[in-house]
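Laboratory data are not the source of any read-out in this text; all were calculated from the coordinates shown. None of these values were measured; they are calculated from a predicted model. For neighbour counting, all protein chains shown are included, and Cβ atoms are generated from backbone atoms with ideal geometry for every residue, glycine included.
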Amino acid sequence: MNAFMMSSLADIHIRPYALADAALVWEAARESLAELQPWMPWCHPDYSIEESRYWLEAQVPAFQQGTSFEFAVVSADGRYLGGCGLNQIDRANSRANLGYWVRSSATGRGVATAAVERVRKWGLDQTTLVRLEVVIAIGNIASHRVAEKAGALREGTLRSRLLLHGTPHDATMFSFIRTERPVSSGPSSGAAAV
């Protein structure tokens, strides 16, 4: 049983990452190795706090420059729950990839769905992006459920779209479009906090 409990999704907030988050990211990744490693090759048994720092050193200026928008997902009391962001931004076509992960002790409580909803809203309201894509490896059932609960439209299967641990994998393409309402309303409540 997880020791971490949340009272409601209103307790979920997103904020831009800070360099001081390195230990938080590292700790959450280490806790979640078994769940993340199959789908996120950056999360490996030797993942170090230095790798966490290096990633953050790139993300903080990228956010300021508008080339990537990565958010820490935190509880109301400041506990780091995971990450959610917009990356692989294609300005010529006004689109970006929306990715997410949640630490193992916070799964199954709607954290990822709430984070996706907040980042979707932020991305389509606060930037010039018109399309957010969620590309998920076939077999990553939990992430598929998050995209569906958050109201992303399933567009189809992309053959050999992702390379995971050196092996091509088919992926499902989901999307959010600025001019469309999400396909279904997720279980979130409360206002987005950025």
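Toward the positive end of the charge dipole of the chain, with +1 on the Cβ of Lys and Arg and -1 on the Cβ of Asp and Glu, the farthest Cα among Ala150, Ser105, Phe63 is that of Ala150. Each of His165, His13, His144, His44 was scored by other Cβ atoms within 10 Å of its Cβ. Arranged with the fewest first, they read His165, His44, His144, His13. Restricting region 67-135 to trypsin sites (Lys or Arg not before Pro) that sit in a DSSP loop and have at most 16 other Cβ atoms within 10 Å of their own Cβ leaves Arg79. Put a dot 7 Å past the Cα of Asp170, heading toward its Cβ, do the same for Tyr54, and the two dots end up 3.5 nm apart.
Give me log10 I(q)/I(0) at q = 0.09, 0.11, 0.13, 0.15 Å⁻¹ for the chain, Debye formula, one equal scatterer per alpha-carbon, no solvent. The Cα Debye sum returns log10 ratios of -0.30, -0.46, -0.66, -0.91.
Given region 57-115 reduced to its alpha-carbon atoms as identical point scatterers, what log10 I(q)/I(0) does the Debye formula return at q = 0.16, 0.19 Å⁻¹? For region 57-115 at q = 0.16, 0.19 Å⁻¹, log10 I(q)/I(0) is -0.56, -0.73. If each residue of separation counts as 0.36 nm, what is the full-extension length gain between His44 and Arg145 once their alpha-carbon separation is subtracted? Extra length from His44 to Arg145 when fully extended: 34.0 nm. Simple spin-label estimate for Thr179 and Leu19 gives 4.4 nm between the two label positions (7 Å along the Cα-to-Cβ direction from each Cα).
Give, rounded to the nearest 20 debye, the magnitude of the charge dipole that the chain has about its Cα centre when Lys and Arg contribute +1 at Cβ and Asp and Glu contribute -1 at Cβ. The partial results should precede the final answer.
Numbers: 19 positive and 19 negative charges, 124 e Å.
Charge dipole of the chain: 600 debye, to the nearest 20.
Around the amide H of Gly151, modelled in the peptide plane, lie the amide H atoms of Ser184, all under 5 Å away and 5 or more residues distant in sequence or on another chain.
For the chain, what is the mean residue ellipticity at 222 nm derived from helices alone (per DSSP H run of n ≥ 4: -39500 (n - 2.57); sum divided by total residues; nearest 500 deg cm²/dmol)? Using -39500 (n - 2.57) per qualifying helix, the result is -9000 deg cm²/dmol. Taking every alpha-carbon pair under 8 Å whose residues sit at least 6 apart, region 9-177 reaches a relative contact order of 20 percent.
Using the beta-carbon distance between Glu31 and Ser160 and R0 = 25 Å, what value does 1/(1 + (r/R0)^6) give for FRET efficiency, to the nearest 0.05?
0.20
Counting only DSSP beta bridges with both residues in the chain, tell me the antiparallel percent, nearest 5. Intermediate results must be reported in sequence, preceding the final value.
Numbers: 33 of 36 bridges.
The antiparallel fraction comes to roughly 90 percent.
Considering only Asn87, Val134, Val74, and ranking their Cα positions along the charge dipole of region 13-157 that arises from unit charges at the beta-carbon of Lys, Arg, Asp and Glu, the one farthest toward the positive end is Val134. The slack in the chain from Ala76 to Ile138, taken as 0.36 nm per residue of separation less the alpha-carbon distance, amounts to 19.0 nm.
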